[in-house]
1. Being closer than 30 Å to residue 166 by Cα, at pLDDT 95 or above and not hydroxyl-bearing (Ser, Thr, Tyr) narrows it down to one residue among 131, 140; which is it?
2. Select from the range 98-147 the residues that are open to solvent by 30 Å² or more (accessible area, probe 1.4 Å), within 30 Å of residue 30 (Cα to Cα) and aliphatic (A, V, I, L, M) and list them in ascending order.
3. Looking at this structure, is residue 34 polar (S, T, N, Q), modelled with pLDDT of 95 or more and out of contact with any Lys or Arg (no Cβ under 8 Å at 6 or more places or on another chain)?
4. Within the set of pairs 6 or more residues apart or between chains, which connect a residue that is open to solvent by 70 Å² or more (accessible area, probe 1.4 Å) inside the range 1-24 to a residue that is among the hydroxyl-bearing types (Ser, Thr, Tyr) with Cβ atoms less than 6 Å apart?
5. Counting only residues that are of a type outside the set (Phe, Trp, Tyr) and not in a loop (DSSP other than H, G, I, E, B), how many does the range 4-47 have?
Amino acid sequence: DSPAPRLATAIADSGSFGDVCRGDIKDLPLTLSNSGGCNLAVSGISSSSSEFQAASAISFPVVIGAGDALNVPVRLAPTTLGAKTASIIIASDDPAAPKIVPVTGNTPPGQVKVTGSTTFGDVCAGSLAEKTISVCNVGKCNLAVTSAAFDPACADFALINNPFPATVSHDSCNDLVIRFTP
């Protein structure tokens, strides 16, 4: 009987990617260690979620010598909003294989804040008045504004130079002009 290979794993930040916006990526290093007495053959690394990606630049199998370690990146590339959990699955010739590494992350939405006054005061019939309001994103990630409109519609009010639909990036604003013509 020869000593068996033993796969041990460690991932940075206990596998917590924290907040990652849609369109962004974040990598955490996953350390694969062989604590056994002979070579360990890692035959593949996969993920239970398409938003978490295992190292794609590595060709398998990868051999890790006894007492050696290899760092591989695990990436979160979110496509949806909300909390995320997944399992990174490492297949190898360790008798206890596969090894499962839990990972988590979150993709927060943008957060809208509208500033500016829409109080027009006294405006004579037949004249017009305009007010500018700002549609701001105070969240951590981009805010997709699909439209701006009056609900219900009102003939006395119009949106001038309406920039929406648009993406409002983190910590920025888009101005919207409201015209009042009584």
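The values are calculated or read from the model by the stated rules, or taken from the named source; none is laboratory data. Please read these numbers as outputs of a predicted model, since none were measured by experiment. Positions of Cβ are generated from backbone atoms using ideal geometry, with glycine treated the same way; all protein chains shown enter the neighbour counts. Just so you know, the surface numbers come from the protein's heavy atoms only, side chains and all, with ligands and any DNA or RNA stripped out. Shrake-Rupley method; radii C 1.70, N 1.55, O 1.52, S 1.80 Å.
1. Working: 140 fails: at pLDDT 95 or above.
Going through 131, 140 in turn, the sole match is 131.
2. In the first step, residues of the range 98-147 are kept if they are open to solvent by 30 Å² or more (accessible area, probe 1.4 Å); the result is 98-100, 102, 104, 106, 109, 111-128, 130-132, 138, 140, 142, 144, 146-147.
Then drop every residue that is not within 30 Å of residue 30 (Cα to Cα), which leaves 98-100, 102, 104, 106, 109, 140, 142.
Correct list: 100 only.
3. Working: polar (S, T, N, Q): yes; modelled with pLDDT of 95 or more: yes; out of contact with any Lys or Arg (no Cβ under 8 Å at 6 or more places or on another chain): no.
No.
4. What qualifies is 6/35; 22/107.
5. Step one: filter the range 4-47 for residues of a type outside the set (Phe, Trp, Tyr), giving 4-16, 18-47.
With the extra rule that they be not in a loop (DSSP other than H, G, I, E, B), the set shrinks to 7-16, 18-19, 26-34, 40-47.
Number of matching residues: 29.
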